[in-house]
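The values are calculated or read from the model by the stated rules, or taken from the named source; none is laboratory data. Model, not experiment: these values are computed from the prediction. Here Cβ is always computed from backbone atoms with ideal geometry, including for glycine, and neighbour counts include all displayed protein chains.
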Amino acid sequence: MSSNTRYTLLTLVKGLAALEALEPVDGGLTLTELARRLKESQTVVFRVLKTLKEHGYVRHDSVSRRYTLGLRIWELGTRVVGRTGLVEAARPVLKWLTTVTGQTSGLVVLRGTDVLYLDIRDGQEALRFYVEPGARAPAYGTASGKVMLAWHPECVPQVVKAGLRRLTPTTIVGAADLRRELQEIRRAGVAINRGERQPDLAAVAAPLFDAHGECVAAVGIAGSRTRFTDDLEDFKRHVRKASEEISVKLGHRA
């Protein structure tokens, strides 16, 4: 047994794998589907799910026979986010950013090859970008993701290896093209998304830095692509200001 696995509880690992498999599936999974995804026997997965269900981490619909995440997951996630200084520092700035631009503003962190939305302030326009806190998206297809990758080049190989799937006609799907884009973002200090994830949406994002000068998150706005033409320069200026204000709150000194 290696030193890396000596203290690992394999049953717990299987339980966590089950939760992660259920997370991206809106309608849930049946026992058979989940066992197939986890490459485990249905007997083992059933025992894992039964334990998780008893503690509120998953729910089971007796009619559809599908398992979904339980409210206990939401409770824990809400508490974690509430205790995160990053969210507390960003929240009033997000409110200001949405007020001055009319667009949906968001606080985003990098998790593996995805971005994770920590906090969202809905836009004020009829056509607006909508996403729930806790949602994920491919980092290479979002302005926030690209801006964080620009400051974390060590993460780019993992993103490329996972695959640059074409989400829209304007999605960056070439590794060399992505790296060139990230270099330009690093130079400009902001990232722009022009329909790369959803054809009718655009976004602008800037990095957030902590007291050590490390990029720990991104702040950005997103909305109807038509608004990010005439107003783009103003949007970039407002996002940069938001980035600077939040970074100062996190202890960063330029």
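Among all positions in the range 223-235, there is at least one residue which is touching a strand residue (DSSP E or B) at 6+ places or on another chain (Cβ under 6 Å), among the small types (Gly, Ala, Ser) and more than 16 Å from Val109 (Cβ to Cβ). Within this structure, Ile185 fails the test of being at pLDDT 95 or above, surrounded by 17 or more Cβ atoms within 10 Å (Cβ to Cβ), among the β-branched types (Val, Ile, Thr) and out of contact with any Lys or Arg (no Cβ under 8 Å at 6 or more places or on another chain). For the range 119-144, the tally of residues that are touching a residue at least 60 places away in the same chain (Cβ under 8 Å) and surrounded by 21 or more Cβ atoms within 10 Å (Cβ to Cβ) stands at 5. Against the test of being in the same structural domain as Pro157 (by TED's automatic domain parsing) and within 13 Å of Met148 (Cα to Cα), the options Ala202, Ala222, Ala217, Ala242 yield a single qualifying residue, Ala217.
Screening Leu164, Leu110, Leu118 for residues that are hydrophobic (A, V, I, L, M, F, W, C), farther than 21 Å from Leu232 by Cβ and part of a loop (DSSP other than H, G, I, E, B) leaves exactly one candidate, Leu164.
Checking each residue in the range 200-254 for being in contact with a Phe, Trp or Tyr (Cβ under 8 Å, 6 or more places away or on another chain), outside any loop (DSSP other than H, G, I, E, B) and free of Cβ contacts under 8 Å to residues at least 60 places away in the same chain picks out Ala202, Phe228, Ser247.
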